[in-house]
Every structure is written in structure tokens, then in C-alpha cells.
Amino acid sequence: MAQETHQSIPKRGKRTILLALVLVLVVVGGVVGFLFYAPSNAQISIRDPPQQPYDSSIQAIYVTFTSIEIHSANASDASGWHTITTSATLNLFTVLNVSKVLGKASLPAGRYTELRFNVSAVIVTISGINVTFTIPSGSLKIPITGAGAQAYGALTVNVVLDLSFKNSEILNNPTLKLNPVATAEVA
């Protein structure tokens, strides 16, 4: 009998080790699955770091966005866009030295490489007078610098859009069309 008891201990030990190993594999698989397949969040912020200070006659720059979207890497142009926000109006003078969140949305895990924003109007207050400008095509596509934004594991990735305008285009522009200077980067 002593021999049977002695042999059953190693069998229980093997079962315990096997059970622990299976449990570890399940936990690791769950964590890996969560990190690579769980939806995550993208947040788009904006700031206006003008290349040179705005002319003192320019008192405000209001930009009205009709939508801001982010594009999945390696997806087609038609299917890869995900809407972050559908409407926002912002005075760029309020984000000269700080950033402001424009929108946040849940996204499938993956890499995102480009922002697209549609602008319906840019109203600039010059010496107390509001002047309405347009942006050619009304839509801008901005690549996200570096390798883009990696979204995974229910985490929030923050993409900052830097948007500014040139004094010369605002003050000396009979066509009333502006070409913004824009970049996007992961913060």
C-alpha cells in the first residue's frame, strides 16, 4: 500500500502542473487577444502653432468642421475611414498654446495613418470685420507622422492636428481661398 500511495502523489503533481499550465495558456491567450483585437479609442485634438505670429489686425479665425475621420492602414479609400466627430466649430486663437479635444470614437484595433477633415467655412475677423474664406475642395487629408497611430487593447490613442494659416493668404487674398498648413502626430 505504501507503494500505491507513493505513486499517486506524482500523478496528482503532474495533474496540478498540467492544470496550471493550461490556466496560464488561457490567461496569456486572453491577454493577447484583448491587446490585438479589443476595440480601442482614438481622440483627435487640435492646436494652432502658427509659423509666425498672426498679424495684429487678425482677431479670430473660426473654422467649422463638418466631419473629422481617421483612416485604417492598408484599407481601401472607400472602406477605411472611421468618423471621429461630425461637427465642430473652433476659434483657432483659443488653441494657440494649448490643445483642445475635438472628438473621440471607438475604433477596431489596428494602425491608422491619415486624418481627413471636411471644412465648410473659415471665418476670419480682420479689424472687426468677419470675412468668409473657403478651403479648396473643402476637404484635407493629412498623413499621421511616423508610423501612424497604433490603437489596441481598449487604450486611447491621441492624435494632435496642428492647423494654422499664413498671414499673407489671409490679408492679401482676393480669391478668399485658404490653404492651411497642417500636420498630424501621435501625442
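The values are calculated or read from the model by the stated rules, or taken from the named source; none is laboratory data. Quick caveat, the model's predicted, so the values are computed rather than measured. When we count neighbours, we look across all protein chains shown, and the Cβ atoms used for this are built from the backbone with ideal geometry, even at glycine. Just so you know, the surface numbers come from the protein's heavy atoms only, side chains and all, with ligands and any DNA or RNA stripped out. Shrake-Rupley method; radii C 1.70, N 1.55, O 1.52, S 1.80 Å.
Please determine, by comparing only the residues of segment 6-38 that are open to solvent by 80 Å² or more (accessible area, probe 1.4 Å) and within 16 Å of Q150 (Cα to Cα), which one is modelled with the highest pLDDT.
Only one residue tops the list, namely Y37.
Of the conditions (1) closer than 17 Å to S45 by Cβ; (2) over 11 Å from the mean Cα position of the chain (by Cα), T125 satisfies every one except a single condition; which number is it?
Against the list (1) closer than 17 Å to S45 by Cβ; (2) over 11 Å from the mean Cα position of the chain (by Cα), T125 comes up short only on (1).
Go through (1) within 24 Å of Y54 (Cα to Cα); (2) aromatic (F, W, Y); (3) in contact with a Ser or Thr (Cβ under 8 Å, 6 or more places away or on another chain) one by one and return the number of the condition Y152 breaks.
The single condition Y152 does not satisfy is (1).
Looking at (1) assigned to a strand (DSSP E or B); (2) modelled with pLDDT under 90, find the lone condition where A121 falls short.
With (1) assigned to a strand (DSSP E or B); (2) modelled with pLDDT under 90 applied to A121, the lone miss is (2).
Could we say that Y112 is buried (at least 16 other Cβ atoms within 10 Å of the Cβ), among the hydroxyl-bearing types (S, T, Y), part of a loop (DSSP other than H, G, I, E, B) and modelled with pLDDT of 90 or more here?
no
Checking F65 against (1) buried (at least 17 other Cβ atoms within 10 Å of the Cβ); (2) part of a loop (DSSP other than H, G, I, E, B); (3) of a type outside the set (K, R), which single condition isn't satisfied?
Among (1) buried (at least 17 other Cβ atoms within 10 Å of the Cβ); (2) part of a loop (DSSP other than H, G, I, E, B); (3) of a type outside the set (K, R), the lone unmet condition for F65 is (2).
Six or more apart or on different chains, Cβ atoms under 6 Å: show the pairs whose first residue is in segment 87-99 and open to solvent by less than 20 Å² (accessible area, probe 1.4 Å) and whose second is not in a strand (DSSP E or B).
L92/D48; V95/D48
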